[in-house]
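Participant: Have a look at this one before I ask anything.
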Amino acid sequence: MTFTHDLIVIGAGPAGLAAAATGADLGLRTLLLDEQPRAGGQIYRNVTVATRRLHGLLGADYSRGGSLAESVVVTGAEVRHDTLVWDVSPDLVVTGSRGGQSFQVRAPQLVVATGAMERASPLPGWTLPGVLNAGAAQIALKSGGLVPEGRVVVTGAGPLLLLVACQLLEAGVELAGLVETAPAANRRTALRHLPAALHAPSYFAKGLRMIVRLRRAGVPWYTGATELEVTGTDRATGLAFDVGGRRLHLAANTVLLHHGVIPNTQLSRLLRVDHRWSNSQLAWHVVADEFGQTSLSGLRVAGDGVAIAGARAAEAGGALAALGAAHSIGRLSPTERDRLAAPHQKVLRGECAVRPFLDALYRPPPYILAPADETIVCRCEEVSAGRIREMARLGCQGPNQTKFFSRCGMGPCQGRVCGNIVTQLLAAELAKPPHAVGAYRIRAPIKPIPVGSLANLQEMADSVVAKPHESTMAKSSE
Amino acid sequence: MAWQRIEDGSDAVPVRLVVEGRPVQARAGDTVAAAMLAVGVAVFRETPVSGAPRAPLCMMGVCFDCLVEVDGRPNVQACMTPVAEGMQICLQHGARRPEGA
Ligand code: FES
């Protein structure tokens, strides 16, 4: 297939928006593809249409996304929303589907900016209706002004947990408790990274403001909780846990879970580029250079999809990926690239300085990373942690084997939710490092697509054969 | 228990949907999942393995616990689908059906 664009960007969160704006600004024929109806990704979700009241409630960090989204509009980059990218071939042909119609596009440079997703929090009872990720509640708030009715318990570890708690409080939600799970020992290890983190003082100011806000509101706050269990039979009725030698139960209609975010690596896995296991973030990172170039020529990754560093870092990473792309196709000299890259690199360094501290402070407790035998790990096929361990004892050496024998990871989510945990369970059971155990192989389509859109692709392929001139959509730079 | 709208000053137009035969109102810009939570749908589906009840976990297209039938099409991610006037939404019980079955 001939090139339809110079640069294709997948994902319209901070990294993708910055990549598209930077690329188009440099004169690259740029196409931005995104699954949502509007720009912003999850962090800036709905930012272009959110009401004043919502902006006020979500804060300046959220509103920043508005100008970023605007920056793409002014460059005149082509943007297709409501578009699901469900396949990318090793020669970078991107297959997407929009409104039930499939299409293919191709560029010599592809930036995957598909962001992060929340780490699974496998606990007894976490499959019950009424249990959501904390980020899910934030999404409902951003996109529909919706908050859970009744009593809400938030539990887990991470800055987002406090942020969501504050935002819900602001929105008038009754917080029945904030139950932190980070082990006390985390503080000691985090302390080592404090000096480096102090280079980003704004984080501490923000953290402090959130803590004060929650304390003032008198939200019952527990730290170092263990033995968590969501209670209820048909739906969540509360959260039980041990703290300070006591067993407590907080009645609640909704329980929100959060144990940090991890890179969404579906597309980079599909393309089998190199990944490495991060022991500090307990997740797979994509191996990429500072311009996002992966082990597959022309394929770049940017933002939280590479490694978790937050929205500002993602924005810088997106810009860097576009600069690298422009240089690769001969549209930017190395000196120009490096000159333009310098300010973004500076932002990136600053944002990354605080990460080791946050990663250590909010490292999830062992019972999340290696759940008890009875706990369900694979929500789709209802496979327990014990069953995975049993598979390892029977000789399974990695997630693809346990998938074959136990169906773990074979359901509709294709292992998105359980993958990270299954890798760690197997590594522990087999006494091997996670990278030796590996991850699920990902195959296209990366999301189920209606049969109709496949048929339409076939028609398109036929018409390309029949009418070669019409298929040459843009300049043939090949 | 339903999710509720905060007073967010939105002027989004109302959209009419039918959920399990019940006419309900949503807001333009809602996803099907958000609209369902807002009208008190507590259980979105039952698992094919044990029949356990499920509802959205992630609201961002990751967990697939929000699969519903939209206008006769099964296995649609409710959290990734914008509402549209007159949309018919049905819950899925038990085993996943192949498309068109
Ligand atoms: S709620 Fe998780 S995919 Fe829809």
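The values are calculated or read from the model by the stated rules, or taken from the named source; none is laboratory data. Everything quoted here is computed from the prediction, not taken from an experiment. Reconstructed Cβ throughout: ideal geometry from the backbone, glycine too, with neighbour counts over all protein chains shown.
Participant: Give, as residue ranges, the strands (runs of 3 or more DSSP E) completely inside the range A:218-300 that count at least 1 residues that are under 30 Å from residue A:349 (Cα atoms). Spell out the reasoning first.
Facilitator: Details: elements: A:226-231, A:238-243, A:246-251, A:254-258, A:261-263, A:275-278, A:283-286.
In the range A:218-300, A:254-258, A:261-263, A:275-278, A:283-286 are the strands (runs of 3 or more DSSP E) which contain 1 or more residues that are under 30 Å from residue A:349 (Cα atoms).
Participant: Can we say residue A:119 is within 16 Å of the ligand (Cβ to nearest atom) and either modelled with pLDDT of 95 or more or closer than 20 Å to residue A:230 by Cβ (or both)?
Facilitator: Criteria met by residue A:119.
Participant: A further question on this structure: I'm checking my understanding of the structure. Among residues of the range A:420-438 that are assigned to a helix (DSSP H, G or I) and free of Cβ contacts under 8 Å to residues at least 24 places away in the same chain, which one is surrounded by the most Cβ atoms within 10 Å (Cβ to Cβ)?
Facilitator: Kept after step one, since they are assigned to a helix (DSSP H, G or I), are these residues of the range A:420-438: A:420-430, A:434-437.
Among the residues that remain, those that are also free of Cβ contacts under 8 Å to residues at least 24 places away in the same chain are: A:427, A:436.
On the way: A:427: 21, A:436: 13.
Across the range A:420-438, the extreme among qualifying residues is A:427.
Participant: Enumerate the pairs (first residue in the range A:216-232 and in the same structural domain as residue A:130 (by TED's automatic domain parsing); second residue anywhere and assigned to a helix (DSSP H, G or I)) with beta-carbon separation below 8 Å, excluding pairs fewer than 6 apart on the same chain, so at least 6 apart or on different chains.
Facilitator: What qualifies is A:217/A:169; A:219/A:165; A:219/A:169; A:221/A:214; A:221/A:215; A:226/A:367; A:227/A:367; A:228/A:367.
Participant: OK, next. List the number of the failed condition for residue A:332; all other conditions in (1) out of contact with any strand residue (DSSP E or B) (no Cβ under 6 Å at 6 or more places or on another chain); (2) of a type in the set (A, V, I, L, M); (3) within 14 Å of another protein chain (Cβ to nearest Cβ); (4) more than 16 Å from the ligand (Cβ to nearest atom) hold.
Facilitator: If we test residue A:332 against (1) out of contact with any strand residue (DSSP E or B) (no Cβ under 6 Å at 6 or more places or on another chain); (2) of a type in the set (A, V, I, L, M); (3) within 14 Å of another protein chain (Cβ to nearest Cβ); (4) more than 16 Å from the ligand (Cβ to nearest atom), just (3) comes out false.
Participant: If you don't mind, there's one more thing I want to ask. Only one of A:74, A:79, A:93, A:112 is closer than 30 Å to residue A:162 by Cα and away from chain B (no Cβ under 12 Å); which? Give the steps one after another, and end with the answer.
Facilitator: Working: A:74 fails: closer than 30 Å to residue A:162 by Cα; A:79 fails: closer than 30 Å to residue A:162 by Cα; A:93 fails: closer than 30 Å to residue A:162 by Cα.
That would be A:112, the only listed residue that is closer than 30 Å to residue A:162 by Cα and away from chain B (no Cβ under 12 Å).
Participant: Another question, if that's okay. With respect to residue A:44, determine if the residue is aromatic (Phe, Trp, Tyr), out of contact with any Asp or Glu (no Cβ under 7 Å at 6 or more places or on another chain) and assigned to a helix (DSSP H, G or I). Explain how you work it out, then say what you get.
Facilitator: Details: aromatic (Phe, Trp, Tyr): yes; out of contact with any Asp or Glu (no Cβ under 7 Å at 6 or more places or on another chain): yes; assigned to a helix (DSSP H, G or I): no.
Considered against the rule, which asks whether it is aromatic (Phe, Trp, Tyr), out of contact with any Asp or Glu (no Cβ under 7 Å at 6 or more places or on another chain) and assigned to a helix (DSSP H, G or I), residue A:44 comes out as no.
Participant: Additional query: Checking residue B:12 against (1) of a type outside the set (Asp, Glu); (2) surrounded by fewer than 20 Cβ atoms within 10 Å (Cβ to Cβ); (3) under 15 Å from residue A:136 (Cα atoms), only one condition comes out false. Which one?
Facilitator: (3)
Participant: Then there's this: In the range B:59-94, which residue that is farther than 27 Å from residue A:420 by Cα and without any contact (Cβ under 8 Å) to a residue 24 or more places away in the chain is nearest to the ligand (Cβ to nearest atom)?
Facilitator: Filtering first and then ranking leaves B:69.
Participant: Something else about it: I'd like to check something: does the range B:53-68 contain any residue that is more than 8 Å from chain A (Cβ to nearest Cβ) and touching a helix residue (DSSP H, G or I) at 6+ places or on another chain (Cβ under 7 Å)?
Facilitator: Step one: of the range B:53-68, the residues more than 8 Å from chain A (Cβ to nearest Cβ) are B:66, B:68.
Of the ones still in play, those that are also touching a helix residue (DSSP H, G or I) at 6+ places or on another chain (Cβ under 7 Å) are B:66, B:68.
Yes, the conditions are met somewhere in the range B:53-68.
Participant: Taking the range A:404-419 on its own, how many of its residues are more than 16 Å from the ligand (Cβ to nearest atom) and surrounded by fewer than 23 Cβ atoms within 10 Å (Cβ to Cβ)? Quick ask: steps written out before the conclusion?
Facilitator: Applying the first criterion (more than 16 Å from the ligand (Cβ to nearest atom)) to the range A:404-419 yields A:404-408, A:410.
Right, trim to surrounded by fewer than 23 Cβ atoms within 10 Å (Cβ to Cβ) and you get A:404-407, A:410.
Summing the residues that are more than 16 Å from the ligand (Cβ to nearest atom) and surrounded by fewer than 23 Cβ atoms within 10 Å (Cβ to Cβ) in the range A:404-419 gives 5.
Participant: Taking the stated definitions as given, is residue A:315 acidic (Asp, Glu), surrounded by fewer than 17 Cβ atoms within 10 Å (Cβ to Cβ) and not in a strand (DSSP E or B)? Walk me through it before giving the result.
Facilitator: Working: acidic (Asp, Glu): yes; surrounded by fewer than 17 Cβ atoms within 10 Å (Cβ to Cβ): no; not in a strand (DSSP E or B): yes.
Considered against the rule, which asks whether it is acidic (Asp, Glu), surrounded by fewer than 17 Cβ atoms within 10 Å (Cβ to Cβ) and not in a strand (DSSP E or B), residue A:315 comes out as no.
Participant: Continuing with the same structure: Looking at (1) small (Gly, Ala, Ser); (2) surrounded by fewer than 20 Cβ atoms within 10 Å (Cβ to Cβ); (3) modelled with pLDDT of 95 or more, which is the only condition residue A:176 fails?
Facilitator: (2)
Participant: Residues of the range A:63-93 being under 30 Å from residue A:444 (Cα atoms), within 20 Å of the chain's Cα centre (by Cα) and part of a helix (DSSP H, G or I), which ones? Even if it seems obvious, please write down each step before you answer.
Facilitator: Kept after step one, since they are under 30 Å from residue A:444 (Cα atoms), are these residues of the range A:63-93: A:69, A:72, A:77-93.
Checking which are within 20 Å of the chain's Cα centre (by Cα) leaves us with A:69, A:81-88.
Within the range A:63-93, just A:69 meets the criteria.
Participant: Within the group A:264, A:279, which residue is within 14 Å of chain B (Cβ to nearest Cβ) and either under 15 Å from the mean Cα position of the chain (by Cα) or of a type outside the set (A, V, I, L, M) (or both)? Write out each step before concluding.
Facilitator: Numbers: A:279 fails: within 14 Å of chain B (Cβ to nearest Cβ).
The match here is A:264.
Participant: In the range A:47-62, which residue that is assigned to a helix (DSSP H, G or I) and hydrophobic (A, V, I, L, M, F, W, C) is nearest to the other protein chains (Cβ to nearest Cβ)?
Facilitator: In the first step, residues of the range A:47-62 are kept if they are assigned to a helix (DSSP H, G or I); the result is A:52-58, A:60-62.
Keeping just the survivors that are hydrophobic (A, V, I, L, M, F, W, C) gives A:54, A:57-58, A:60.
Working: A:54: 5, A:57: 8, A:58: 11, A:60: 18 Å.
Result: A:54.
Participant: Sort out which residues of the range A:378-423 are within 19 Å of the chain's Cα centre (by Cα), of a type outside the set (Gly, Ala, Ser) and within 13 Å of another protein chain (Cβ to nearest Cβ), and write them in order of number. Before the answer, list the steps.
Facilitator: Kept after step one, since they are within 19 Å of the chain's Cα centre (by Cα), are these residues of the range A:378-423: A:378-379, A:409, A:412-423.
Pick out the ones that are also of a type outside the set (Gly, Ala, Ser) and you get A:378-379, A:412-414, A:416-418, A:420-423.
Residues satisfying the conditions are A:378, A:379, A:412, A:413, A:414, A:416, A:417, A:418, A:420.
Participant: To continue, here is another question. Checking residue A:325 against (1) without any contact (Cβ under 8 Å) to a residue 24 or more places away in the chain; (2) touching a Gly at 6+ places or on another chain (Cβ under 7 Å), which test does it fail?
Facilitator: Unmet condition: (1).
Participant: Now a separate question. For the range B:1-45, which positions are closer than 17 Å to residue B:58 by Cα, more than 9 Å from chain A (Cβ to nearest Cβ) and either of a type in the set (Asp, Glu) or outside any loop (DSSP other than H, G, I, E, B) (or both)?
Facilitator: Within the range B:1-45, B:32, B:36, B:45 meet the criteria.
Participant: Considering only the range B:26-42, I want to know if a residue exists there that is surrounded by fewer than 17 Cβ atoms within 10 Å (Cβ to Cβ), within 30 Å of residue A:251 (Cα to Cα) and within 16 Å of the ligand (Cβ to nearest atom).
Facilitator: Within the range B:26-42, the first condition is being surrounded by fewer than 17 Cβ atoms within 10 Å (Cβ to Cβ), and the residues that meet it are B:28, B:39-40, B:42.
Restricting the remaining residues to those that are within 30 Å of residue A:251 (Cα to Cα) gives B:39-40, B:42.
Then keep just the ones that are within 16 Å of the ligand (Cβ to nearest atom); that gives B:42.
So far as the range B:26-42 goes, yes, one or more of its residues are surrounded by fewer than 17 Cβ atoms within 10 Å (Cβ to Cβ), within 30 Å of residue A:251 (Cα to Cα) and within 16 Å of the ligand (Cβ to nearest atom).
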